[in-house]
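Contents: one structure, followed by commentary.
The values are calculated or read from the model by the stated rules, or taken from the named source; none is laboratory data. Model, not experiment: these values are computed from the prediction. Here the Cβ positions follow ideal geometry from the backbone for every residue, glycine too, while neighbour counts run over all protein chains shown. To get the accessible areas, we keep the full protein, side chains included, count just its heavy atoms, and leave off ligands, DNA and RNA. Shrake-Rupley method; radii C 1.70, N 1.55, O 1.52, S 1.80 Å.
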Amino acid sequence: VNQTVKHLAIVAGGLGTRMSAHSGLPKALIPVGGKPVLQHQIELARTCGFEAVTIFAGHRCEDIRDFIGDGRQFGLQVTVSVEAVPMGNAGAVVENLDRLPATFAVAYGDVMMSVDLAAMARRHTEAGADFTALAHPNDHPYDSDLLEADAEGWVSAVRTYPHPAERYFGNLVNAALYIVENSSLRPWRGRGKVDFTKDIMPSLVAKGARVLAYRSTEYIKDMGTPERLQRVERDLAAGRIPAVPGNAAPAPAVFVDRDGTLNQDPGFLAKADGLRLLPNVGEAVRSLRQGGYRVVVLTNQPVIARGEASFEDVEQIHRKLEWELGKAGAFVDGIYYCPHHPDRGFAGERAELKFDCDCRKPRTGMVEAACADLGLDRGKSWMIGDQTADIELAHRAGLRSVLVQTGAAGQDGKYPASADYIAADLRDAADLILGMPA
Ligand SMILES: [Zn+2]
């Protein structure tokens, strides 16, 4: 494979002023697992086939230069560029474009990550993007910088924090890892302080440039506060930040039905206005994720095939679902829906979606897709739902099942399947699962 992106720029300006134990140390030199975060990043770049790293260091960061030395010990070319005045997170990169190749990656110096940079760069190149940003859900979308993107990932808006109270957005957070075309940054030269999220990305979107959100669930977290550093240390010790990206152990998952399990089932939900979360579901989802489970929503949405809701209506419902969960400090790893319906012959239906598909529950297509997309360990996974189709799906897919007494409470009579466990609601189901041996 001919890899075209081989250069990583690391913006390492900040000092660890909020880190009492490491006060005065450049953030990039704060140790994680006994090794500076900067060294983790350089080693990741080399593992991903990169050949060069340029570190943009602040003026008090001579320590970084001392640490890198001639860089030979890292097995790739490492250069330290010292900025005399603070330039925002993008200014130093922009002013040094002549020393950077046509396409390169950009990371911040205070993040721990296990991201396949080569795969991300390949996607950037194949899509013909000008600017690609890694994007993922997190547990505080309400105070994060968000991207709005279509199904292919093309960004239509950058929503920087703070967000207006009356609006809601999907949980697609800019993780501040980029693949960029050198040419797309040139207009900012000579502007002084420049910010990637506040200045460059919105301006590129406004100009009609091709800005891509690269959706990924790979590990990337900043460690800018003592609490975050502690969490990253724990994740490293637990093997959640593999040195070779993609080498993380498959994760156990809890698949969760939507209507009647996460939210009230009005029998027919076609607009986001009608979405009401059931009590304590945010807490349940948060505790499952903290317990090491991925959480994935699986929902049949024949309203689309029947012509009662559009794809956009359903996407909008899911944005609101993510936003409401986010308020409770929770997020899901994926939302899969089946838009199909097998029975033809209704007024207003969309004929192209009226067929006997493989994804409509209790068929297992959505479980197969999620396992492939998210690297899930099906043998250690669960299904929670209120309908017999959810329980039948669990049997067919080899998942343990919990029937909740909300929504249909298993009284729909469609399938004879019996659940492994019964719980009052999602929180009760989460407690039950977390109390079981893995
Ligand atoms: Zn389907």
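Against the definition (open to solvent by less than 10 Å² (accessible area, probe 1.4 Å) and either under 20 Å from ASN171 (Cα atoms) or more than 16 Å from the ligand (Cβ to nearest atom) (or both)), how does ILE317 come out, yes or no? Even if it seems obvious, please write down each step before you answer.
Details: open to solvent by less than 10 Å² (accessible area, probe 1.4 Å): yes; either under 20 Å from ASN171 (Cα atoms) or more than 16 Å from the ligand (Cβ to nearest atom) (or both): yes.
Answer is yes for this residue.
Tally the residues that are of a type in the set (Ser, Thr, Tyr), assigned to a loop (DSSP other than H, G, I, E, B) and crowded, with 16+ Cβ neighbours inside 10 Å, restricting the search to segment 407-438. Working first, answer last.
First pass over segment 407-438, keeping only residues of a type in the set (Ser, Thr, Tyr): 415, 418, 421.
With assigned to a loop (DSSP other than H, G, I, E, B) added as a condition, the list becomes 415, 418.
Add one more test, that the residue is crowded, with 16+ Cβ neighbours inside 10 Å, and what stays is 415.
Total satisfying the criteria: 1.
Just name the residue that is farthest from the ligand (Cβ to nearest atom) out of those in segment 327-349 that are open to solvent by 80 Å² or more (accessible area, probe 1.4 Å) and more than 19 Å from the chain's Cα centre (by Cα). Reasoning before the result, please.
At the first step, the residues of segment 327-349 found to be open to solvent by 80 Å² or more (accessible area, probe 1.4 Å) are 327, 343-344, 346-347.
Filter again for more than 19 Å from the chain's Cα centre (by Cα), leaving 343-344, 346-347.
Working: ASP343: 13, ARG344: 14, PHE346: 17, ALA347: 21 Å.
Out of the qualifying residues, it is ALA347.
Which count do you get for residues in segment 149-202 that are assigned to a strand (DSSP E or B) and more than 21 Å from THR125 (Cα to Cα)? Even if it seems obvious, please write down each step before you answer.
Residues of segment 149-202 that are assigned to a strand (DSSP E or B), as a first pass: 149, 154-159, 173-181.
Keeping just the survivors that are more than 21 Å from THR125 (Cα to Cα) gives 157-159, 173.
Result for segment 149-202: 4.
If you scan segment 376-402, which residues turn out to be polar (S, T, N, Q) and either closer than 24 Å to LEU434 by Cβ or touching a helix residue (DSSP H, G or I) at 6+ places or on another chain (Cβ under 6 Å) (or both)?
Initially, segment 376-402 is screened for residues polar (S, T, N, Q), giving 381, 387-388, 401.
Of everything in segment 376-402, those that are polar (S, T, N, Q) and either closer than 24 Å to LEU434 by Cβ or touching a helix residue (DSSP H, G or I) at 6+ places or on another chain (Cβ under 6 Å) (or both) turn out to be SER381, GLN387, SER401.
Of all the residues that make up segment 350-375, how many are near the ligand (Cβ under 9 Å from one of its atoms), open to solvent by 20 Å² or more (accessible area, probe 1.4 Å) and touching a helix residue (DSSP H, G or I) at 6+ places or on another chain (Cβ under 8 Å)?
4
Can you confirm whether ALA389 is at pLDDT 95 or above and either in contact with a His (Cβ under 9 Å, 6 or more places away or on another chain) or open to solvent by less than 60 Å² (accessible area, probe 1.4 Å) (or both)? So that I can check it myself, show each step before the final result.
Working: at pLDDT 95 or above: yes; either in contact with a His (Cβ under 9 Å, 6 or more places away or on another chain) or open to solvent by less than 60 Å² (accessible area, probe 1.4 Å) (or both): yes.
When the stated conditions are applied, ALA389 passes them.
Is it the case that some residue within segment 319-333 is free of Cβ contacts under 8 Å to residues at least 40 places away in the same chain and not aliphatic (A, V, I, L, M)? Give the derivation first.
Of segment 319-333, the ones free of Cβ contacts under 8 Å to residues at least 40 places away in the same chain are none.
No, segment 319-333 has no match at all.
Of all residues in segment 151-170, which are loosely packed, with under 11 Cβ neighbours inside 10 Å, within 15 Å of ARG319 (Cβ to Cβ) and among the charged types (D, E, K, R)? Before you say what the answer is, go through the steps one by one.
We begin by selecting, within segment 151-170, every residue loosely packed, with under 11 Cβ neighbours inside 10 Å; these are 151-152, 162, 164-167.
Add one more test, that the residue is within 15 Å of ARG319 (Cβ to Cβ), and what stays is 151, 164, 166-167.
GLU166, ARG167, listed by residue number.
Just checking, which of ARG65, ARG46, ARG72 is touching a Gly at 6+ places or on another chain (Cβ under 6 Å) and not small (Gly, Ala, Ser)? Can you show your working first?
Values: ARG65 fails: touching a Gly at 6+ places or on another chain (Cβ under 6 Å); ARG72 fails: touching a Gly at 6+ places or on another chain (Cβ under 6 Å).
On inspection, the qualifying residue turns out to be ARG46.
Just give me the residues in segment 208-224 being at pLDDT below 95 and open to solvent by less than 10 Å² (accessible area, probe 1.4 Å), in sequence order.
Across segment 208-224, the qualifying residues are MET223, GLY224.
So PRO242 passes all but one of these: (1) more than 24 Å from HIS163 (Cβ to Cβ); (2) open to solvent by 10 Å² or more (accessible area, probe 1.4 Å); (3) out of contact with any Gly (no Cβ under 9 Å at 6 or more places or on another chain); (4) part of a helix (DSSP H, G or I). Which condition number does it fail?
The one condition PRO242 does not meet is (4).
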